[in-house]
Amino acid sequence: MAQVADELGLLLWEEIPVYWTIQWENPATLQNARQQLNDLIVRDHNRVSVIIWSVANETPPGEARTNFLRQLVTDARALDGSRLVSAAMEVRTAPDNPHRKIVDDPLGEYTDILSFNEYVGWYDGTPESIPLVEWSLKYAKPVVITEFGADALQGFHADNLTRFSEEYQADVYRKTVPMLRQIPQLRGMSPWILCDFRSPRRLLPNVQDGWNRKGLIGENGVKKEAFSVLAGFYAELRDQGYVKK
């Protein structure tokens with residue numbers, strides 16, 4: 001896949017499978033992660049498509065966890081000092097304001113960029129809440145949004161408050177992009193995800209049926225409405241001179 005990305009000119013965020021909650025205090029677990037990171041970087045460090053090494057995804061902050069990931073960040077820099085190092089961190093909500101989103105993960109002190117997954121309007125509220133979001137970021141570093149979006153079953157149409165409809169997903173994208181652009185440090189975003197993909201955890205009958213439906217393109221190759229929303233945003237960036245024509 002990395003070779004194909006080289007050929008197509010795609011940019012890669014390469015990540016080892018350190019995610020959610022694992023045995024942070026187990027030396028064997030750390031050694032496993034360090035070996036996987038070493039194997040990944042040794043294999044792909046000459047790939048022009050690779051721009052970021054990532055050490056984790058959505059891991060709950062804690063001292064043992066931060067020490068674990070800090071070791072991986074150190075390893076990545078020792079193996080390849082030419083690329084950025086980061087992780088997909090979590091966002092917390094201010095206790096006194098449900099619309100204030102805080103990114104203060106201690107790991108952010110050690111990474112090169114501040115990256116996090118953001119699902120306001122899908123796992124967190126409805127699309128109406130998206131424009132109300134206020135961001136509080138602890139670190140003055142470039143921000144790359146590593147995931148955002150919503151599920152939609154290609155071909156299912158309803159109003160924009162009906163979950164899993166193309167209209168709902170499109171509305172989430174329509175509202176999320178300008179909300180994220182309010183972050184002064186924003187330097188990139190990666191919608192989750194281009195195409196529907198198989199997932200044994202997604203079992204909702206007649207909707208998911210073993211597929212993650214967050215794709216902008218359905219399992220049948222047909223583009224959903226949200227595809228054109230995102231395409232319009234990229235066209236706007238191009239016209240503003242951010243992307244070469």
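The values are calculated or read from the model by the stated rules, or taken from the named source; none is laboratory data. These numbers were taken from a predicted model, which means no experiment stands behind them. Because the Cβ atoms are built from the backbone with ideal geometry, glycine has one as well, and the counts that use them run over all protein chains shown.
Things to note:
- Thr162 closer than 27 Å to Asn220 by Cα, surrounded by fewer than 22 Cβ atoms within 10 Å (Cβ to Cβ) and of a type outside the set (Lys, Arg): yes
Here is a yes/no grid of residues against (1) closer than 23 Å to Glu109 by Cα; (2) exposed (fewer than 14 other Cβ atoms within 10 Å of the Cβ); (3) in contact with a helix residue (DSSP H, G or I) (Cβ under 9 Å, 6 or more places away or on another chain); (4) of a type outside the set (S, T, N, Q):
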| site | (1), (2), (3), (4) |
| --- | --- |
| Glu14 | yes, no, yes, yes |
| Trp20 | yes, yes, no, yes |
| Ile41 | yes, no, yes, yes |
| Val48 | no, yes, yes, yes |
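- When residues of the range 114-127 are limited to those that are touching a residue at least 40 places away in the same chain (Cβ under 8 Å) and not in a loop (DSSP other than H, G, I, E, B), the one surrounded by the most Cβ atoms within 10 Å (Cβ to Cβ): Ser115
- Residue in the range 153-166 that is in contact with a Lys or Arg (Cβ under 6 Å, 6 or more places away or on another chain), hydroxyl-bearing (Ser, Thr, Tyr) and modelled with pLDDT of 95 or more present: no
- Filtered residues of the range 188-209 (kept if surrounded by 12 or more Cβ atoms within 10 Å (Cβ to Cβ) and farther than 22 Å from Asp171 by Cβ): Gly188, Phe197, Ser199, Asp209
- Taking the criterion of being touching a Lys or Arg at 6+ places or on another chain (Cβ under 7 Å), of a type in the set (Gly, Ala, Ser) and farther than 22 Å from Cys195 by Cα, the residues of the range 103-152 that qualify are Gly108, Ser136.
- Within the range 3-41, the residues that satisfy the criterion of being within 21 Å of the chain's Cα centre (by Cα), of a type outside the set (Ser, Thr, Tyr) and either modelled with pLDDT under 95 or in a loop (DSSP other than H, G, I, E, B) (or both) are Gly9, Leu10, Leu11, Ile16, Pro17, Val18, Trp20, Ile22.
- Residue that is farthest from Ala231 (Cα to Cα) [pool: residues in the range 133-179 that are among the hydrophobic types (A, V, I, L, M, F, W, C) and part of a helix (DSSP H, G or I)]: Met179
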